[in-house]
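Colleague: Dropping a structure here in structure tokens format, bear with me for questions.
The values are calculated or read from the model by the stated rules, or taken from the named source; none is laboratory data. A quick note: this is a predicted structure, and the numbers were derived from the prediction, not measured. Here Cβ is always computed from backbone atoms with ideal geometry, including for glycine, and neighbour counts include all displayed protein chains.
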Amino acid sequence: MFDARKCLAAVCAICFGAATAQASADTYPERPVRLIVPFPAGSSIDTAARVLARNLTPALGQAIVVENKPGAGGTVGAVAAAHAAPDGYTIFLGSVAQLIGKVAQPSVAFDPLKDFAPVSLTYRSAAIVTVSTQTPVQSVDDLVRWAKGNPGALNYYSGGVGTAAHLLGATLSTKEGVKTVHIPLRAVTDMLPQLGDKTPHFACFIAPAVRPYIESRRLRALAVSSRERLPQLPDVPTLYEVFKDEDFVQESWLGIWAPAGTPKPVMQKLFTATERAVNSADFRDAMRRQDQQAIASSSPEAFASYMRAEYAKWERLANVAQLPRQ
């Protein structure tokens, strides 16, 4: 039986809820915003996050409080952010690592595409394929030629299983038909003793980690994984130049994500503030000093589209590299 009073009460409740949400969005932010960083304090990513937070604070009009939640390859922080209230008061420094982590471990307790609302890119960096300067190898072509003439004799080093650098080395090996052995290491300093003889074992690490050793002539840069050459290494070709293959455009990136369901007006405020912070001279200079490229998306929708394309690419590359799934 139709009850007009109950119907009217339901309509009023819906309208009141919508009005309250709109009022909250209109006055957002009214208190400090938490930025979850899934890496430890003192890391290069933490340093970048704090410079970003410093510039987000005046752009958003409230303090941005960095909260480090490292663990399980970034999963601990991602899960905490995904389960936070979608009100704009918790945001997350997400990265390509979360996409690759989901590809490698589908059972992980969050979905980077479904559980988050992408706000904007903040910065990105390329990996560099390097060998010891003691080897005669001068180019990627030389490296591939040597590997084919000595099957199974080459190792390649990266920062860990399932990292972007791991997939870059595996992509190079698989696509060029050479047999190599992947050896994951925690740091570049662990790799250096392994590259001390004339066998051209190679390594794939992001530019900030290895450029000091390139400048000191301990390592030789053969190629970079960005689409364009790095300003800091203008004479080093890109892998895309060498192989004319889109799969060799592999960049690490980080961006701001909010929990899924965050209201659009709040998303727009977060985007505007992030764009302003990323384009600030302070943040751009800090990223340049770290061999990173500060870059903001053109809109939250553009960043969401970029993330979907990136996920599809890394899923494909994981198959090419025969990455073990858990």
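Rundown of residues vs (1) modelled with pLDDT under 95; (2) on the phi < 0 side of the Ramachandran plot, yes/no style:
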{"position": "ALA296", "(1), (2)": "no, yes"}
{"position": "PHE303", "(1), (2)": "no, yes"}
{"position": "ARG308", "(1), (2)": "no, yes"}
{"position": "ALA318", "(1), (2)": "yes, yes"}
{"position": "GLN322", "(1), (2)": "yes, no"}
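Colleague: Here are ARG124, ARG186: which of them is under 30 Å from GLY74 (Cβ atoms), touching a residue at least 60 places away in the same chain (Cβ under 8 Å) and of a type in the set (D, E, K, R)?
Modeller: None of the others qualify; the one that does is ARG124.
Colleague: If you go through the stretch 304-325, how many residues are of a type in the set (S, T, N, Q) and within 16 Å of the chain's Cα centre (by Cα)?
Modeller: Number satisfying all stated conditions: 1.
Colleague: Let me ask something additional. Out of everything in the stretch 194-210 that is among the aliphatic types (A, V, I, L, M) and buried (at least 23 other Cβ atoms within 10 Å of the Cβ), what residue ends up being nearest to the chain's Cα centre (by Cα)?
Modeller: Among those residues, the one meeting the criterion is ILE206.
Colleague: Could you count how many residues in the stretch 83-113 are surrounded by fewer than 23 Cβ atoms within 10 Å (Cβ to Cβ), closer than 25 Å to LEU317 by Cβ and either among the aromatic types (Phe, Trp, Tyr) or out of contact with any helix residue (DSSP H, G or I) (no Cβ under 9 Å at 6 or more places or on another chain) (or both)?
Modeller: Counting residues in the stretch 83-113 that are surrounded by fewer than 23 Cβ atoms within 10 Å (Cβ to Cβ), closer than 25 Å to LEU317 by Cβ and either among the aromatic types (Phe, Trp, Tyr) or out of contact with any helix residue (DSSP H, G or I) (no Cβ under 9 Å at 6 or more places or on another chain) (or both) gives 3.
Colleague: Taking into account only those residues within the stretch 172-189 that are in a strand (DSSP E or B) and over 21 Å from the mean Cα position of the chain (by Cα), which is surrounded by the fewest Cβ atoms within 10 Å (Cβ to Cβ)?
Modeller: If we take residues in the stretch 172-189 being in a strand (DSSP E or B) and over 21 Å from the mean Cα position of the chain (by Cα), then VAL181 is surrounded by the fewest Cβ atoms within 10 Å (Cβ to Cβ).
Colleague: Let me ask something else about it. Any idea which residue in the stretch 197-211 is nearest to GLY160 (Cα to Cα), counting only those that are part of a loop (DSSP other than H, G, I, E, B) and at pLDDT 90 or above?
Modeller: Here the residue is HIS201.
Colleague: Among the residues of the stretch 268-288, is any within 29 Å of GLY160 (Cβ to Cβ), at pLDDT 95 or above, of a type in the set (Gly, Ala, Ser) and surrounded by fewer than 16 Cβ atoms within 10 Å (Cβ to Cβ)?
Modeller: The answer is no; no qualifying residue exists.
Colleague: Of the residues ALA97, ALA49, which single one is outside any strand (DSSP E or B), at pLDDT 95 or above, of a type in the set (A, V, I, L, M) and under 16 Å from the mean Cα position of the chain (by Cα)?
Modeller: Result of the check over ALA97, ALA49: ALA49.
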